[in-house]
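The values are calculated or read from the model by the stated rules, or taken from the named source; none is laboratory data. This one's a predicted model, so the numbers in the text were calculated from it and none came from an experiment. Backbone-built Cβ (ideal geometry, glycine too); neighbour counts: all protein chains shown.
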């Protein structure tokens, strides 16, 4: 069995967060979705669990971080092209998120990102096929 990853993120308004990510083209696994949690499918073995604050607190002894004020995690997703990076950033902004910096071209890697409705940072990258190996 291959390893799966579930990135757990607290959200203030679960239906609004689900709508935001649906507008970016993500789907949800209904088997693991209810009124307290939604399982967003990112890839074959990669998921983001969007959890209400109450549900999130049940998994941690620490307070829930306000991602608008502090950064606890950066979620980075690869895209097939620079255009796909920009398209998702534009979709996120149209859906109510925000871009927090200018795009960066590192030659071998193109990078841009957005913050979702709860302030979580989603980095998007496109790696050139000629990227240095090392």
*Looking at the range 85-99, is at least one residue free of Cβ contacts under 8 Å to residues at least 60 places away in the same chain and in contact with a helix residue (DSSP H, G or I) (Cβ under 6 Å, 6 or more places away or on another chain)?*
yes
*Wholly within the range 30-134, which strands (runs of 3 or more DSSP E) include no fewer than the required count, namely at least 2 residues that are within 15 Å of the chain's Cα centre (by Cα) and exposed (fewer than 13 other Cβ atoms within 10 Å of the Cβ)?*
74-78
_Count - residues of the range 1-25 that are part of a loop (DSSP other than H, G, I, E, B) and buried (at least 17 other Cβ atoms within 10 Å of the Cβ)_ = 1
_From the list 19, 35, exactly one residue is under 18 Å from residue 95 (Cα atoms) and modelled with pLDDT of 95 or more. Which is it?_
19
*asked:* Among the residues in the range 97-116, are any within 15 Å of residue 8 (Cα to Cα) and in contact with a strand residue (DSSP E or B) (Cβ under 6 Å, 6 or more places away or on another chain)?
replied: no
